[in-house]
1. For residue 262, only one of the following conditions fails: (1) open to solvent by 10 Å² or more (accessible area, probe 1.4 Å); (2) modelled with pLDDT under 95. What is its number?
2. If the requirement is being of a type in the set (Val, Ile, Thr) and in contact (Cβ under 8 Å) with a residue 40 or more places away in the chain, which of these qualifies: 69, 91, 63?
3. Would you pick out the residues in the stretch 275-320 that are at pLDDT 85 or above, acidic (Asp, Glu) and within 18 Å of residue 254 (Cα to Cα)?
4. Across the stretch 108-135, what is the total count of residues that are modelled with pLDDT of 90 or more and part of a strand (DSSP E or B)?
5. Please verify whether residue 251 is touching a Leu at 6+ places or on another chain (Cβ under 7 Å), among the charged types (D, E, K, R) and modelled with pLDDT of 95 or more, treating the condition exactly as stated.
6. Any residue in the stretch 198-212 that is touching a strand residue (DSSP E or B) at 6+ places or on another chain (Cβ under 6 Å) and open to solvent by 20 Å² or more (accessible area, probe 1.4 Å)?
7. When you scan the stretch 105-127, how many residues do you find that are farther than 28 Å from residue 304 by Cα and open to solvent by less than 50 Å² (accessible area, probe 1.4 Å)?
8. What pairs can you find where one residue is in the stretch 221-238 and more than 16 Å from residue 144 (Cβ to Cβ), the other is modelled with pLDDT of 90 or more and buried (at least 19 other Cβ atoms within 10 Å of the Cβ), and their Cβ atoms are less than 7 Å apart, with a gap of 6+ or different chains?
Amino acid sequence: MKAEYGELKDRYGEIRLFPESIDDLWHLRHLVSPGDLVFATTFRSLDTATDKIRPEKAEKKPVRLGIRVERVEFSEHGIRLRLTGIIEHGVDTGAYHTINVETGFEISVIRQWRPIDFERIDRAVKASVYGVIHILTMEEGEAELFRLRQYGPESAITITAGSGKGGETDTRAGFFEQVLLPVTAVSGPLIIAGPGFIKDDFIKFAKNRSCKAADRAIVAETRRIGRGAVQEIIGRGVLDTLINDLQLSREVKMMDEVLLRISQDGAVAYGHREVKEAIELGAVDQVLIADTLLHSAEITSLIQKAESMRATIVVLSSGFEPGERLVALGGIAALLRYRLPHH
């Protein structure tokens, strides 16, 4: 993400945001809220016909509009963020309009910003310095390449021995050849994971074929392959050596800590009521919140109160396993400074 800060007075004002990846749209989803004023160059049908029968293909022209946002929706598959609201600046004021934000599309957001927003912008800006991380998980006869996005792992390709046309993956060399194709295209950081020695054999094979990605690959031993291996790598801190920004490793560890404390009846609170009580008592050290709750006004004021009491806030992506585990606990949990007595 690229970000340009305008004049901010008491954290109120304009920030121009330019998303470069789907991850950035994911961040924007949590940076734009109902009530914000958003400016963008967008397409609108400018037919002046007042009758009900609109022409089939009303010509859409690029116009600069400012809309007061009412609804923010993210569709992972459409790879766009839809901002719907009433036009306040530009043509057709008072009418509804939807701005479709895609990668490479700039918007200006005017609102009251929170520290948590600046943190998110900072994280998104830092993340754009890196290529997308890829993780190749493999065992004899099966390999899967994942792209690691900030909302979790996305499977890019699966290769199984014997699946090639004319049996070219039947032999080990044939299988390696098939795996090499997508790996050669990886430009960012690469982790190769899985059980046994096949990873090392594959790397030797790839280096003999002068594959650049293999030269900078990090090898990680895991018990499983597939998503399970990705989860293992994240939890073990292998990623931290590559990119501190990827919050996912922190999320896995934090959720493990929450669940451990729950099982031991320790210094932890979960669910809205318990966390609220812990915040009021000033007992909260870290608040974990699922991103899906960020737009609830009640939750927002709760987070702000926790922040004012020096608690750190960690937002977990509900599109990834730790976030899903948090959602199952009510979407909010807190690691406490001390154990609270039960009623």
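The values are calculated or read from the model by the stated rules, or taken from the named source; none is laboratory data. For clarity, every value in this text was computed on a predicted model and none was experimentally measured. Counting neighbours? That spans all protein chains shown, and the Cβs are built from the backbone with ideal geometry, glycine included. Calculation scope for accessible area: heavy atoms of the full protein, side chains included, ligands and nucleic acids excluded. Shrake-Rupley method; radii C 1.70, N 1.55, O 1.52, S 1.80 Å.
1. For residue 262, the exception is condition (2).
2. Going through 69, 91, 63 in turn, just one is of a type in the set (Val, Ile, Thr) and in contact (Cβ under 8 Å) with a residue 40 or more places away in the chain: 91.
3. Hit for the stretch 275-320 is 285, nothing else.
4. Residues meeting the conditions: 7.
5. The answer is no for residue 251.
6. For the stretch 198-212, residues touching a strand residue (DSSP E or B) at 6+ places or on another chain (Cβ under 6 Å) and open to solvent by 20 Å² or more (accessible area, probe 1.4 Å): absent.
7. Step one: filter the stretch 105-127 for residues farther than 28 Å from residue 304 by Cα, giving 105-106.
Now narrow it down to the ones that are open to solvent by less than 50 Å² (accessible area, probe 1.4 Å): 105.
The total comes to 1.
8. Pairs found: 238/191.
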